[in-house]
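Inspection log for the structure reproduced underneath, given as structure tokens.
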Amino acid sequence: MEFIDLKTQYQRYQNELEKAALRVLRSGRYILGPEVKELEETLATFVGTKYALGVSSGTDALLLILKALGIGKGDAVITTPFTFVATAEVIRRAGAQVVFADIDPQTFLLTPSSVAKSLAQARQKGLRVKAVMPVSLFGLAAYLPELEAFCRKEGLFLIEDACQSFGAEVNGRKSGSFGKASATSFFPAKPLGAYGDAGMVFTNDPELYETIKALRIHGQTQRYLHQYQGFNARLDTLQAALLLVKFKHYPEEIELRQEVANRYRKLLAGLPVTFQHIPKNCLSVYAQFTLRVPQRDKLVAHLATHGIPTAIHYPRPLHLQPAFKELGYREGDFPEAESLAKEVISLPMHPFLTQADQEKIVSAIAAFYNEKEAV
Ligand SMILES: Cc1ncc(COP(=O)(O)O)c(C=O)c1O
């Protein structure tokens, strides 16, 4: 059993994918070729923004947004400590200070009230907070309408880290379409994954679009005119062509992910596990199916002996990572993120997970807790 079965997915679309790849290989246009533009237009329409820019990864997408907005030395950005490291890493790479705020124990998302609290504390310390960067986690969109209103009121940029949530919705509006700009990732294991690193920026702001378009290619606005200190953060034509093929199947895959998630919910009912709460106005794309469970580490070991792969997203919140030591945070600063890190487990999740595999996973979990009860 695979945690995320990319091989089955490849076999399903193999003919179309190989045709697209061959076309690019024979075209001679390997970087920012016509498929990149086609992908940008297609995905901007899907997300509901005016602009999209294909870039080299989700990490670079986030960094380019910060750089293009002029966020750097002397500035601070508020984000969640319960995320993949890239979210906070880019804030520091831009030269700004990371300010964390705690999460909602049910949705696992950065809460507007904790953002407000962290903002007040940061301002009291004299920090110049410029932006809030919520993460749409495990496929569930962040509290985007609330945070959008909050940022507008406070004069802050809202930058959504939508690296795990391409296709997710809040009130029928897509993740990626809120705030000043958003970044998504097409890392192979993401809901819409490429066959290598790839990412995208979404925005409605024409100036920001033009700046990022230049930044991704060495700050170049005309051939060999370098307006800005830029990057090499371009998207390969090959990845764009493959993503266009996979995107055609993506709406169906989102539906299959709902079926898999609903089946898990039914099968796991009655066991001592707590699901990530998906509010009624949200559509999750289930980048992960993550639960809070008692005796997490023992359960992980038990499932491994039954050949069931699991993952822990994330075992250590970012404020307690050695790389962020200099920020001065301590254990106890973000209790919700800290207890989640001790309790979460992600189960195998992909659109092609069979009912038989899900039953096997759940009976192994049930056996673990029933044995414990019997002791
Ligand atoms: C929340 C989050 N932010 C940022 C990233 C970075 O994306 P990438 O791996 O494409 O650089 C990822 C994915 O890996 C992620 O999950």
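Any read-out appearing in this document is the output of simple, stated calculations on the displayed coordinates, not a laboratory observation. None of the values given here were measured: they were computed from a predicted structure. Neighbour counts run over all protein chains shown; Cβ positions are idealised from the backbone, glycine included.
Figures for the structure shown
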quantity: Set of lysines with alpha-carbon distance to Lys67 below 21 Å, sequence-local pairs under 8 removed; calculated: Lys50, Lys130, Lys180, Lys213
quantity: Surrounding net charge for Val285, when Lys and Arg each add one and Asp and Glu each subtract one, Cβ distance under 15 Å; calculated: -2
quantity: Residue exposure sequence - Ser27, Ser56 - by fewest surrounding Cβ within 10 Å; calculated: Ser27, Ser56
quantity: Over the chain: helical MRE at 222 nm, DSSP H runs n ≥ 4 each giving -39500 (n - 2.57), nearest 500; calculated: -14000 deg cm²/dmol
quantity: Mean separation of Cα contacts under 8 Å (6+ apart) over length of segment 6-244, as relative contact order %; calculated: 26 percent
quantity: Gain in span if fully extended, Gln11 to Asn262, counting 0.36 nm per residue against the direct Cα distance; calculated: 87.8 nm
quantity: Rg over Rh, two decimals, the chain (C-alpha only, Kirkwood Rh); calculated: 0.98
quantity: Extreme residue, positive dipole direction of segment 127-184, given options Phe157, Ala168, Ser136 (C-beta unit charges); calculated: Phe157
quantity: Global size of segment 233-368 as Cα Rg and Dmax, reported in angstrom; calculated: 17.9, 49
quantity: Fully extended contour minus Cα-Cα distance, from Arg93 to Ala189, at 0.36 nm per residue; calculated: 32.1 nm
quantity: Loop-located trypsin sites (Lys or Arg not before Pro) in segment 51-121 whose Cβ has at most 12 other Cβ within 10 Å (DSSP); calculated: Lys73
quantity: Spatially proximal aspartates and glutamates relative to Lys298 (Cα-Cα < 15 Å; intrachain offsets below 8 disregarded); calculated: Glu343, Glu371, Glu373
quantity: Separation of the Glu41 and Gln321 label points, Cα + 7 Å toward Cβ, nm; calculated: 3.8 nm
quantity: Relative packing of peptides 134-146, 14-26, 245-257 - highest average C-beta neighbours within 10 Å first; calculated: 134-146, 245-257, 14-26
quantity: Contour excess over end-to-end distance, with Cα ends at Ala304 and Ala149 and 0.36 nm allotted per residue; calculated: 51.3 nm
quantity: Coarse-grained scattering of segment 1-133 at q = 0.13, 0.15, 0.18, 0.20 Å⁻¹, given as base-10 log I(q)/I(0) from a Debye sum over alpha-carbon atoms; calculated: -0.79, -0.93, -1.08, -1.17
quantity: Amide H within-cut-off set for Val55, under 5 Å, with H built and near neighbours excluded; calculated: Gly199, Met200, Val201
quantity: Set of lysines with alpha-carbon distance to Lys125 below 18 Å, sequence-local pairs under 8 removed; calculated: Lys73, Lys117
